[in-house]
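Data block below; observations after.
The values are calculated or read from the model by the stated rules, or taken from the named source; none is laboratory data. Only a predicted model underlies this, so the values are computations on that prediction, with no experimental measurement involved. Here the Cβ is made from the backbone with ideal geometry for all residues, glycine too, and neighbour counts use every protein chain on show. These area figures cover heavy atoms from the full protein model, side chains too; ligands, DNA and RNA do not enter into them. Shrake-Rupley method; radii C 1.70, N 1.55, O 1.52, S 1.80 Å.
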Amino acid sequence: QVQVVEYGGGSVPAGGSLSLSCAASGIISTINDIGWYRQAPGKSREVLATITASGTTLYADYVRGRTTISRNDGLKIAYLQMDNLQPDDTAVYYCNFQVRMTSLSTWREFWGQGTRVTVTV
C-alpha cells in the first residue's frame, strides 16, 4: 500500500507564510500528478495547486501569485509554500499523490489525513 502524510500545519499570524510538505511511502513505481487541496470548516474540499511529473504547475485563481507547489520525486515529497495568509486560509490542508505501484498497474490516488492550518489575527 501507499501512505501519504502531510507536515507543517499549525497556527500562522495573518500576513504570515505557510510551508507544508507531504511525503509518500510504500510500494511506488511511478508518481504522476501531485495536488494540494484544502477544506475549510463548513465548506467543500477545494484544489489549490497541482504539479505534473514533468513539473508543470497549475494554481487556483484564489491562491495564484502567493503560492508555490514543488516536488522531489527522489524523496517522494511534495511541498506547498503560501504567503500572505489571511483568516480565509484557515482550513485542513491535504495532498494527493497519483501513483503506479508497479510498472504494469493502473494509476491510483492516495490522500493524506490532512494538516490543520489556523490563521490568527
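Can you list residue pairs whose Cβ atoms sit under 9 Å apart, with the first residue in region 99-121 being under 19 Å from S29 (Cα atoms) and modelled with pLDDT under 95 and the second being part of a loop (DSSP other than H, G, I, E, B) and of a type in the set (S, T, N, Q)? Count only pairs 6 or more apart in sequence or on different chains.
R100/S29; R100/T106; M101/Q1; M101/S29; T102/S29; S103/S29; L104/S29; S105/S29
Quick one: count up the residues across region 86-104 that are within 20 Å of Q39 (Cβ to Cβ), in contact with a Ser or Thr (Cβ under 7 Å, 6 or more places away or on another chain) and not β-branched (V, I, T).
1
For region 67-86, how many residues are within 18 Å of A40 (Cα to Cα) and either open to solvent by less than 40 Å² (accessible area, probe 1.4 Å) or in contact with a helix residue (DSSP H, G or I) (Cβ under 7 Å, 6 or more places away or on another chain) (or both)?
Selection size over region 67-86: 4.
V117: open to solvent by less than 50 Å² (accessible area, probe 1.4 Å), in contact with an Asp or Glu (Cβ under 9 Å, 6 or more places away or on another chain) and in a strand (DSSP E or B), yes or no?
Against the criterion (open to solvent by less than 50 Å² (accessible area, probe 1.4 Å), in contact with an Asp or Glu (Cβ under 9 Å, 6 or more places away or on another chain) and in a strand (DSSP E or B)), V117 qualifies.
Report whether or not D88 is of a type in the set (D, E, K, R) and farther than 27 Å from Q1 by Cα.
When the stated conditions are applied, D88 passes them.
Testing D89 on (1) open to solvent by 20 Å² or more (accessible area, probe 1.4 Å); (2) farther than 23 Å from R108 by Cβ, one condition comes back false. Which one is that?
(1)
Where residues in region 49-94 are within 10 Å of the chain's Cα centre (by Cα) and in contact (Cβ under 8 Å) with a residue 60 or more places away in the chain, which of them is nearest to Q113 (Cα to Cα)?
Y94
For (1) modelled with pLDDT under 95; (2) part of a loop (DSSP other than H, G, I, E, B); (3) loosely packed, with under 15 Cβ neighbours inside 10 Å, each residue gets a yes or a no:
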position: Q3; (1), (2), (3): no, no, yes
position: S19; (1), (2), (3): no, no, yes
position: I28; (1), (2), (3): yes, yes, no
position: P41; (1), (2), (3): yes, yes, yes
position: S44; (1), (2), (3): no, yes, yes
position: L48; (1), (2), (3): no, no, no
position: G65; (1), (2), (3): no, yes, yes
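Would you pick out the residues in region 94-114 that are small (G, A, S) and either outside any loop (DSSP other than H, G, I, E, B) or surrounded by 12 or more Cβ atoms within 10 Å (Cβ to Cβ) (or both)?
S105, G112, G114
Residue pairs, Cβ under 6 Å, 6 or more apart or interchain, first in region 32-45 and in contact (Cβ under 8 Å) with a residue 60 or more places away in the chain, second polar (S, T, N, Q). List them.
Matching pairs, first to second residue: N32/Q98; D33/T50; D33/T52; D33/Q98; G35/T50; G35/N96.
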